[in-house]
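Visitor: Next up is a structure, given as structure tokens.
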Amino acid sequence: LKFALVGVHYLAQPLASDRMHARQAQADATRRMARELAAAGYPPIVLGDMNDFDGDVRDLNDNTPISKVLSILKGMDPATAGDDLVNAAQYVPQAGRYTSFWDRDDDEIVDAPEEFSSIDHLLVPPALVGRVLSVAMPHALDPTEVSDHFPVVVCFDARGPANGGGATDGGPVTGGPPAAGRLRIARLLPNAVGDENQNEEATIDNGAASAVDLAGHTLRDRAG
């Protein structure tokens, strides 16, 4: 299975109009590189801190971009609709769709959800969309102590032909099943914004052909 990883870090301040043109130029340069890789037989995964919003896949605060950065990147060859990259964020529920913390009032306190946004993205080529098994944005770290960015984690199935999962309609990723007789956590939203008693969720897949008795099993977080 051949593919290329293109890591980027673009100019900051997504809502600064005097920076948008430079950031769009960075996106255009990345797109040219990605198209060259695709032509050479390496479908490109473009990922990193793009310092911009995706107007098609809105984050938890519905942030709207003032630039065309994500449109440029995802469009690849504007004349070819079939080569568009897919933002993996669309498989994450909007309530949990954020990758960055900006302490606007500099009080060193996380004011959720208004200080969260999505400016980091992982864009998947069509050849790999059908191999996406799961997408997550873990929010367990303290953004005031560790990093003001959260990771985007995408798991792919590299075992065989594309399995037809990863529907691009914003629904759940439905990749191939786990090995028979095994349970796995397919999707996890462990630290949702708001009332965690209502919004936390975990999806467990059963790879066996028959039901599995969960009696005696426990799903615990780090705090027990």
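Visitor: Being surrounded by fewer than 22 Cβ atoms within 10 Å (Cβ to Cβ), of a type outside the set (A, V, I, L, M) and within 14 Å of the chain's Cα centre (by Cα): is that true of Asp54 here?
Guide: Spelling it out, it is not the case that Asp54 is surrounded by fewer than 22 Cβ atoms within 10 Å (Cβ to Cβ), of a type outside the set (A, V, I, L, M) and within 14 Å of the chain's Cα centre (by Cα).
Visitor: OK, next. Could you grab me the full set of residues in the stretch 108-144 that are touching a strand residue (DSSP E or B) at 6+ places or on another chain (Cβ under 6 Å) and of a type in the set (S, T, N, Q)?
Guide: Of everything in the stretch 108-144, those that are touching a strand residue (DSSP E or B) at 6+ places or on another chain (Cβ under 6 Å) and of a type in the set (S, T, N, Q) turn out to be Ser117, Ser134.
Visitor: Follow-up question, since we're still on this one. Sort out which residues of the stretch 18-40 are surrounded by fewer than 17 Cβ atoms within 10 Å (Cβ to Cβ) and within 16 Å of Leu70 (Cα to Cα), and write them in order of number.
Guide: Of everything in the stretch 18-40, those that are surrounded by fewer than 17 Cβ atoms within 10 Å (Cβ to Cβ) and within 16 Å of Leu70 (Cα to Cα) turn out to be His21, Ala22, Ala25, Asp28, Ala29, Arg32, Met33, Arg35.
Visitor: If I go through the stretch 1-54 residue by residue, how many of them are under 25 Å from Phe156 (Cβ atoms) and among the aliphatic types (A, V, I, L, M)?
Guide: Total meeting the criteria: 16.
Visitor: Pick from Ala112, Ala89, Ala95: which is within 17 Å of Pro138 (Cβ to Cβ), open to solvent by 50 Å² or more (accessible area, probe 1.4 Å) and outside any loop (DSSP other than H, G, I, E, B)?
Guide: On inspection, the qualifying residue turns out to be Ala95.
Visitor: Filter the stretch 73-118 for residues that are in contact with a Phe, Trp or Tyr (Cβ under 7 Å, 6 or more places away or on another chain) and without any contact (Cβ under 8 Å) to a residue 40 or more places away in the chain and give the result.
Guide: Val110, Glu115
The values are calculated or read from the model by the stated rules, or taken from the named source; none is laboratory data. None of these values were measured; they are calculated from a predicted model. So basically every Cβ, Gly included, is an ideal-geometry build from the backbone, and we count neighbours across all protein chains shown. Only protein heavy atoms, including side chains, enter the accessible area calculation; ligands, DNA and RNA are left aside. Shrake-Rupley method; radii C 1.70, N 1.55, O 1.52, S 1.80 Å.
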